[in-house]
Amino acid sequence: MQTINLERINNFNFRSNEAYNALRTNIQFCGKDIKTICITSGTPGEGKTLVSFRLATSMADGGRKVLFIDADLRKSTLPGRLKVDSAILGLTHYLTGINKLGKILYRTNIKNLDIIFTGPLPSNPTDLLDRELLKDLIESLRKIYDYIIIDTPPLGAVIDSASVVRYCDGVCLVVQSNKISYKFAQKIIKQLEKSNCKILGVILNKVELKHYGYYGKYYAKCYNAYGLKPKSK
């Protein structure tokens, strides 16, 4: 396994870190059989990549052995955020049979955190993610890691996430506050339900806490809220 240095995302203060720790704890309470977790959203720009990566680093900081997989083969922003070479080997190299797992799996300078990048963005992302190779990859890696966090494209825009979700133990939907309608969110949830993957909940992102009473005013200047909100039945 190769080693890579990541530019850690540090533009968060103590209280925002605690919000991610709470999210980590909520997911852990979902059960010990929930090890592979898909993170998606309804539309681009809702913050799913940052949420999923921060969740992975929070779990790693908590002493868990974590693998982060960037499976957004449409428009990955992670290499730019982490300031790594965009030409680095990744998931597309594995799914097309060009490289073996050992060549695309990277140990990072963040303790307990390994990562698989996308690799070059392909012209046929849905076909690649629909291959049995992905299923075999996830099944083999879940024997090694405590948690596997997988970032996928927005489900409201393309169907790629549905291909990944069916191989996971659970899925979280990132929703930006006041960006999408209730009806649209319900449509995304129904798509997720078709995968027969357990819906762990909704992560409400970019909340203006000043509208939420005393505690909202207290925390509003400190961070945007991230919380796991179980889906109502």
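The values are calculated or read from the model by the stated rules, or taken from the named source; none is laboratory data. A quick note: this is a predicted structure, and the numbers were derived from the prediction, not measured. Every residue, glycine as well, gets a Cβ built from its backbone with ideal geometry; the counts of neighbours run over all protein chains shown.
Structure summary
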quantity: Complete set of residues in segment 71-110 that are part of a loop (DSSP other than H, G, I, E, B), surrounded by fewer than 17 Cβ atoms within 10 Å (Cβ to Cβ), more than 16 Å from the chain's Cα centre (by Cα) and touching a residue at least 40 places away in the same chain (Cβ under 8 Å); calculated: Lys83, Asn109
quantity: Enumeration of residues in segment 1-16 that are surrounded by 15 or more Cβ atoms within 10 Å (Cβ to Cβ) and either outside any loop (DSSP other than H, G, I, E, B) or at pLDDT 85 or above (or both); calculated: Ile4, Ser16
quantity: Single residue of segment 26-70 satisfying the filter (free of Cβ contacts under 8 Å to residues at least 12 places away in the same chain and either hydrophobic (A, V, I, L, M, F, W, C) or farther than 18 Å from Asn112 by Cβ (or both)) that is surrounded by the most Cβ atoms within 10 Å (Cβ to Cβ); calculated: Gly31
